[in-house]
Each structure stands twice: as C-alpha cells, then as structure tokens.
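Step one of this worksheet: look at the structure below.
The values are calculated or read from the model by the stated rules, or taken from the named source; none is laboratory data. All of these numbers come straight from a predicted model, not from anything done at the bench. Every residue, glycine among them, receives a Cβ derived from its backbone with ideal geometry; neighbour counts consider all protein chains shown.
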Amino acid sequence: MKNVLVIYYSQSGQLEEIARNIAKPILNSEAINVTFHEIQLQKPFPFPWDKSSFFDAFPESFLQIPTALKPVPEEILNAKFDLILFHYQVWYLSPSIPVNSFLKSDDAKKILNNTPVVTISGSRNMWIMAQEKIKTLLKEANAQLVGNIALVDRVGNLISVITIVEWMFSGVKKKYLGILPLPGVSDKDIQESDKFGNVIVSALNEGKLEDLQPKLLAIDAVKISPYLVTVDKTANKIFNKWSNLIYKHQKNRKQLLKVFNVYLFLAIWLISPIVYILHLITYPFKLKTIKKETQYYQGV
Ligand SMILES: Cc1cc2nc3c(=O)[nH]c(=O)nc-3n(C[C@H](O)[C@H](O)[C@H](O)COP(=O)(O)O)c2cc1C
C-alpha cells in the first residue's frame, strides 16, 4: 500500500477543487491510500477581500514572513508518505502567506523530509518566480521536487487583472459587467485536471517518479509565456524595494500602502504595455535565451 498526502490552501475553493480533481484517479487506485490536509491559519485572511486588507497582505507576502497556523493532525505528522501533492496559490509574486508559513513550519519540515513532492499552482498567470521561491523552501525542508503543474487564467494578462480583482473583492466567480470572461482557472481546465492524476498514479505505481515531469509536460502541465517571465522578474526587483520600504516604516505603513496601490495601478496599466511592446521588438534577438529559459522553467 502506498501513501499519498494532498496538501492545499484555498480561499475561494478553486484550488481545493483542483486538488480533488487531480486526486480522483489516485483515490480510485486500490493500492494507494490518500490523505487530505488543508492548511489553516490561526487568524484567517478575509474572503472576499476588502481593499485595505488586500494591499496590507503585500509586504509580508513578498518578504515571505510567516504567520501562525493551526497544528497539523498527529496522524499526518507521524506518517511516512510516498508522495506529496502540494497545491499553492501566488500572492504578490510569492507563495501565499498561508503556504509560505506552512513550508517554513517545523510540522512541514517533518512531513516533507526526504519525500517526493509534486507542486500544483492555481494562480492568475504570474507564478514563475513564486515557483523558484517554492523550490528553495522545498530544498530547505529536504524534499525532492519531482513534478510541477501550473494552472492559470488563460485570458489576456490585463483582462485577468480586472476579472480576478473583481472576483477577489466580491467573492463570486461571475462574468464581470456581463461581458468579461469568467475569472480564474477555466472550469474546463479544472474538470480535466484529473488527467494529471492518471499520469501521477502510473509513475507512482511503476516507481518512476524521477521521470514524471516530461510526462506531465506532454499533457500541457506547464505553459511558459516569455513575456510574463520578463514582467515577473522585473516586478520582483521593484516589489523588493517597495516591500522593504513599507516593512521598515511601520509607522507610515497605511500611507505607504496607499502610494504602493497607486504605483501598482500605473505599473499594470502604463508600464506593462510598454514592457510588452519592448518585448515584441527585442523578441527576435532573444530567441536563444528564451528557449533556454523556457526549458528551465518547464522543468523541476
Ligand atoms: C493578495 C493576492 C495577491 C495575488 N497575487 C497574485 C500574483 O502575484 N500572481 C498571480 O498569478 N496570481 C495572484 N493572485 C491570484 C491567486 O494566485 C489565486 O489565483 C486566487 O487567489 C484564487 O486562489 P484560491 O484558491 O485561494 O481562491 C493573488 C491573489 C490575492 C488574493
């Protein structure tokens, strides 16, 4: 009998639905025992979000400062797992605060030690650098990353900014203004995510987890947009400056967060289209680098 642990955190339920769909084929396999663990905070974040809480989560998300979690049940802490499916969402280009807090906890270090892990993200579309941060945290916990699946909102970058923000502030997945597409990972992608579970079951049963990622890639587990990689990297440098500034000046936190809010608006609506045009112009000269980067970010 093999043991699989499914870990997730989800505010809207989107990531939980993804986790349950991917786990379906694993649950159907008689030789595998599946346990679910939901990461829970001592003091939960609001959902739907209000504007001030949403921006207030920025410095601690980006600086990866952990918060208190509810303890992991003893039966999970004392078990040894053959594979962990680790589901996370991105907040401000970093693993969300609940996910970061979990990965830095002693409980997680005990569970992850010497254990293969498949990471599964459900984000808007900007997850590349967050995954690099997850890789570091998994290494520190002595876990082995064997696979990665990145589920995203596939509509255009700026459209998804509008629809996801509206979803986060209303708590309801609906067509904003009646015309914009639904926010988040599409229902089709969520329903079809059991295909990843099938591949994972085979790899686990054959004892070939080290060959898993190419098989996941063959069924579209990860799509890389070179433009979004550029934006993600650039924004990380800028967020680094903002988060440190705000965190070091707690007395002026509220005012600074308001300025950051205005900056973010301008960065998304003014700077990112300029970066896009520059990206298109320089694209032909960067083909080699882009190919290398794409291969790297598709891997584990
Ligand atoms: C505070 C906050 C910041 C976010 N920042 C990002 C981000 O930087 N990149 C991204 O792709 N998605 C971002 N998202 C979207 C989330 O990754 C995720 O898709 C959404 O919150 C739904 O997840 P859920 O399963 O917890 O409901 C953000 C969401 C929140 C609430």
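Tabulated values for the structure
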read-out	value
For I224: the one exception among (1) among the aliphatic types (A, V, I, L, M); (2) touching a Phe, Trp or Tyr at 6+ places or on another chain (Cβ under 8 Å); (3) crowded, with 19+ Cβ neighbours inside 10 Å	(3)
Residue that is surrounded by the fewest Cβ atoms within 10 Å (Cβ to Cβ) [pool: residues in the stretch 65-102 that are under 13 Å from the mean Cα position of the chain (by Cα) and part of a helix (DSSP H, G or I)]	I97
Members of the stretch 258-267 that are at pLDDT 95 or above and buried (at least 16 other Cβ atoms within 10 Å of the Cβ)	F260, L264
Odd one out for V4 among (1) assigned to a helix (DSSP H, G or I); (2) within 21 Å of the chain's Cα centre (by Cα); (3) among the β-branched types (V, I, T)	(1)
Some residue of the stretch 38-52 being in a strand (DSSP E or B), under 17 Å from the mean Cα position of the chain (by Cα) and either within 18 Å of Y88 (Cα to Cα) or near the ligand (Cβ under 10 Å from one of its atoms) (or both)	yes
Which numbered condition V185 misses (of (1) closer than 16 Å to G299 by Cα; (2) of a type in the set (A, V, I, L, M); (3) in contact (Cβ under 8 Å) with a residue 60 or more places away in the chain)	(1)
Residue that is in a helix (DSSP H, G or I), aromatic (F, W, Y) and away from the ligand (no atom under 13 Å from the Cβ), where the choices are F196, F169	F196
Matching residues in the stretch 106-141 - criterion: being of a type in the set (S, T, N, Q) and either within 16 Å of the ligand (Cβ to nearest atom) or within 10 Å of the chain's Cα centre (by Cα) (or both)	T119, S121, S123, N125, Q131
Filter result (within 12 Å of the ligand (Cβ to nearest atom) and either surrounded by fewer than 18 Cβ atoms within 10 Å (Cβ to Cβ) or farther than 21 Å from Q295 by Cα (or both)) within the stretch 142-153	D153
The stretch 108-141, subset β-branched (V, I, T) and part of a strand (DSSP E or B), residue surrounded by the most Cβ atoms within 10 Å (Cβ to Cβ)	V118
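Residues checked against (1) part of a helix (DSSP H, G or I); (2) of a type in the set (F, W, Y):
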position: L204; (1), (2): yes, no
position: Q213; (1), (2): yes, no
position: A221; (1), (2): no, no
position: V229; (1), (2): yes, no
position: A235; (1), (2): yes, no
position: F239; (1), (2): yes, yes
position: K254; (1), (2): yes, no
position: L257; (1), (2): yes, no
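Per-residue answers, yes or no, for (1) of a type in the set (A, V, I, L, M); (2) more than 12 Å from the ligand (Cβ to nearest atom); (3) in contact with a Gly (Cβ under 7 Å, 6 or more places away or on another chain):
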residue: A19; (1), (2), (3): yes, no, no
residue: S29; (1), (2), (3): no, yes, no
residue: F54; (1), (2), (3): no, no, no
residue: E60; (1), (2), (3): no, no, no
residue: A68; (1), (2), (3): yes, yes, no
residue: P71; (1), (2), (3): no, yes, no
residue: F81; (1), (2), (3): no, yes, no
